[in-house]
1. How crowded by other chains is B:33-42, given as the mean number of beta carbons from other chains within 10 Å of each beta carbon?
2. For a quick size check, give me the Cα extents of chain A along its three principal axes, largest first, whole Å.
3. Assuming R0 = 30 Å, can you tell me the calculated FRET efficiency for the pair A:S40 and B:A72, based on Cβ-Cβ distance, to the nearest 0.05?
4. If the only charges are +1 at each Lys and Arg Cβ and -1 at each Asp and Glu Cβ, what is the size of the charge dipole of the protein assembly as shown around the Cα centre, to the nearest 20 debye?
5. Which value, in nm² and rounded to one decimal, describes the direction-averaged projected area of the C-alpha convex hull of the protein assembly as shown?
6. Near A:A85, within a Cβ-to-Cβ distance under 9 Å, what is the net charge of the other residues, with Lys and Arg +1 and Asp and Glu -1?
7. Build a GNM of chain B with springs between Cα atoms under 10 Å: which of B:P81, B:P104, B:P54 gets the top mean-square fluctuation?
8. Taking each residue of A:100-109 in turn, how many C-beta atoms of other protein chains fall within 10 Å of its C-beta, and what is the average?
Amino acid sequence: QKEVEQNSGPLSVPEGAIASLNCTYSDRGSQSFFWYRQYSGKSPELIMFIYSNGDKEDGRFTAQLNKASQYVSLLIRDSQPSDSATYLCAVNIDAAGNKLTFGGGTRVLVKP
Amino acid sequence: DAGVIQSPRHEVTEMGQEVTLRCKPISGHNSLFWYRQTMMRGLELLIYFNNNVPIDDSGMPEDRFSAKMPNASFSTLKIQPSEPRDSAVYFCASSLRSSGRQMPRTDTQYFGPGTRLTVL
């Protein structure tokens with residue numbers, strides 16, 4: 001079992017709809033969780049992080065964390081064609097360090 | 001401000017040759033990470049440094065791989081000898097690790113543009 005799992009997709013979403021991405025992790029000691037976006041041929045860039053149970057909103061993005069169920073999700077509201085990318089979930093399992101373990105990514109395709 | 005700088009951007013070499021990838025982190029950052037990304041294995045952490053000191057190299061696949069950080073503004077990842085299965089995109093990332101005991105850690109890692117390595 002991989003430490004961080006994501007559905008590879010592609011997740012096809014109509015423009016203006018909500019895209020919902022899920023990520024599960026295996027280490028209950030995981031402390032903080034990150035969502036990165038990676039356009040094709042480019043490097044990953046951070047969208048947002050979360051470390052407390054519940055929701056965290058930043059613009060059109062909402063991260064949701066449920067430590068009891070060991071999953072973290074990302075919602076993209078009012079999806080735009082420019083949101084078409086691969087979204088990587090990353091988990092910091094090292095409480096004192098800053099070592100990230102990445103999931104395989106979910107490819108999102110927003111159709112006009 | 002310049003972001004993380006990597007060179008070369010593309011490298012094509014033949015099996016058995018030595019390959020050296022270079023990285024200049026963002027000025028002022030004190031943590032540096034080397035990652036490898038392939039379709040099969042995704043994005044994997046190879047090694048990371050804090051204040052130029054290697055902290056965790058458990059992701060380095062084998063002895064053919066080595067990394068150094070002689071100063072705060074430069075790091076290298078070397079593969080000797082290279083093999084076709086080393087073909088991948090290699091990313092360098094840097095972050096500012098705050099002093100003190102921040103729990104949990106949410107340091108943002110900034111990635112360089114990557115080096116696409118092809119070993120024939």
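All of the numbers you see were taken from the coordinates with simple rules; none came from a lab. Note that the coordinates shown come from a computational prediction; the quantities given were computed from them, not determined experimentally. Neighbour counts are summed over all protein chains in view; Cβ atoms, including those assigned to glycine, are modelled from backbone coordinates with ideal geometry.
1. Taking all residues of B:33-42 together, the mean is 3.
2. 43, 29, 23
3. Efficiency, from the Cβ-Cβ distance: 0.40.
4. Dipole of the protein assembly as shown, to the nearest 20 debye: 180 debye.
5. Computing the convex hull of the Cα atoms and averaging its projections yields 12.9 nm².
6. Taking every Cβ under 9 Å from that of A:A85, the sum is +2.
7. The residue with the greatest mean-square fluctuation here is B:P104.
8. Partner-chain Cβ atoms within 10 Å, mean over residues of A:100-109: 3.
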